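Please treat every number below as a calculation from the coordinates, not as lab data. The structure displayed is predicted, hence computed values, not measured ones. When we count neighbours, we look across all protein chains shown, and the Cβ atoms used for this are built from the backbone with ideal geometry, even at glycine.
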Amino acid sequence: MPQLTPSALAWTLQDAVALATAWGAGTRLARGTDAGNAILAPAGLALSGQEVTAALQTSPARLFFSFGNQEATPDANALAPLLDCLIEQSGTGFMAASFAAPALGRTVYQGHLFQDGRLAVNLHHALRPALSGRVAVVQHEVVAAGVPAIRRKLAAFKEQGAALALLDAVDIAQCAAIAAAVEAQPLSGGPAWLCPAETGHAAEAPGGALAILSGALDRQTLYQLGAARHALPFLQVDPAAPNPAAQALAWAQTQGGQPFIITASTTPDKLHHGLPVAAILADIAAGLAGAGVRRFVLTGNDTASAILDRLHVHTLETGAATAGLRWLSGGNHHFLLKPGGFGARDLFLGGFEPQIRLNATAE
């Protein structure tokens, strides 16, 4: 197995993309065990303990673990074993982390995680059983006191033998103070805001045929699809139909090269449980790529992972910023991965191709 030299690990592909987007153009990320990249994304749907172990065969001066960048509240029980693995195997014995993401409606107060103002989980109680060491909380009043107070508290917790220090945060200003306070920590983790952005180089947006493939089920994506379905060529895939990929590809050939949407996203009452929806979308993507489509806008972590696998894309590099996201280039393809909950109502209409609003289809 190749040795890795990442400066960041990511819980999911979307977490890797969120961090790469924040760092700017020229940031490299790899899925699985590819060597020499700044960000290691999981080969599958979520980072495994084996991938953490492989990554930690070499010890970077500073390691950041990216998680909690999606609309859905992070599963503390699923994260706990990975946090413990990082703390134990990194050699630091101590990690500073925050679950807060105010932009996604997520705050932490006295170690309790709130989503949109509602209590989601007591993080101390959820994480403690899976960790080998003590869990401490840098409480709100310390964070509100600013960077020096946060640093002193972290140093005290480390000296007292704590393994994990959870930082409260209820607004963007407190997040900024936390990011400044932990930037010298050898091991830290949380949403992308917690890791100071690096300066990326300028990049031009890629051109060529564009397809929007959606498998996400979050409300915001469904809302955006609803806004676009009467303005762009739009196909709702039925995963239960005979050979849905072939039907979708035949339909795509009739669209004359203009951007279009193929979606399997739907409301919960219309879901086809047990059908390989992500695999169907991946087959569609492979067919489109074979027909010359080079730009893909993807929604849904499962969908994006399956499509990248199908196109044999394991290493990606960030490029130009578009609509708050960044193009990712891998092989001969370019991707925008839209997180759940991200973007305004008209994102699919104006975010990626400004002329869509003005063409005959949109009138």
In order over region 78-86: 3J(HN,Hα) from phi, Karplus 6.51/-1.76/1.60, θ = phi - 60°, whole Hz, x for each Gly or Pro, gives 6, 6, 3, x, 5, 4, 5, 4, 5
Which residues qualify? For PHE234, with a placed amide H closer than 5 Å and at least 5 residues away or on another chain, they are ILE261
Would you mind pulling out the separation of the Cα centroids of region 172-196 and region 70-146, in Å?
13
With charges set only on the Cβ (+1 for Lys and Arg, -1 for Asp and Glu), what does the dipole of the chain come to about its Cα centre, in debye to the nearest 20?
240
Might you report the magnitude of the Cβ-based charge dipole of region 197-310 about its Cα centre, with Lys and Arg at +1 and Asp and Glu at -1, to the nearest 20 debye?
240
State whether the chain is rounded, prolate or oblate according to the following rule on the C-alpha gyration tensor (a ≥ b ≥ c being the square roots of its eigenvalues): a/c under 1.5 gives rounded; otherwise a/b larger than b/c gives prolate, and the remaining case gives oblate.
prolate
Sorting GLY207, GLY91, ALA264 by the position of each Cα along the dipole of the chain (Lys, Arg +1; Asp, Glu -1; all at Cβ), the one nearest the positive end of that ordering is GLY91
Long-range amide H partners of GLY32 with built H, under 5 Å:
ALA41, ALA43
Relative to the longest principal axis of the C-alpha atoms of the chain, give the angle of the C-alpha long axis of helix 172-182, reported between 0 and 90° and rounded to the nearest 10°.
60
How do 233-244, 12-23 rank on mean C-beta neighbours within 10 Å, highest first?
12-23, 233-244
With the 8 Å Cα cutoff and a minimum separation of six or more residues, the chain has a relative contact order in percent of 19
VAL147 to ILE172: extension gain in nm, 0.36 nm per residue of separation minus the Cα-Cα distance?
7.6 nm
With r as the distance between the Cβ atoms of THR254 and ARG134 and R0 = 51 Å, compute the FRET efficiency 1/(1 + (r/R0)^6) and round to 0.05.
0.25
Can you give the % of DSSP beta bridges in the chain that are antiparallel, to the nearest 5?
35
Prolate/oblate/rounded call for region 34-168, Cα gyration tensor, a/c under 1.5 rounded:
oblate
Nonlocal amide H pairs with THR27, under 5 Å, H built at 1.01 Å
THR318
Restricting to Cα pairs below 8 Å that are 6+ residues apart, what does the relative contact order work out to for region 277-326? Please round to a whole percent.
43
Among all the lysines, which ones have a C-alpha under 30 Å from LYS270's C-alpha, if same-chain residues fewer than 8 places away are not counted?
LYS338
Rounded to whole Hz and in sequence order, give me ³J(HN,Hα) for region 243-252 from the Karplus expression 6.51 cos²θ - 1.76 cosθ + 1.60, θ = phi - 60°, writing x for Gly and Pro.
6, x, 5, 5, 4, 5, 5, 5, 5, 4
Per-residue HN-Hα couplings for region 206-214, Karplus 6.51 cos²θ - 1.76 cosθ + 1.60 at θ = phi - 60°, whole Hz, x for Gly and Pro?
x, x, x, 4, 10, 10, 9, 10, 10
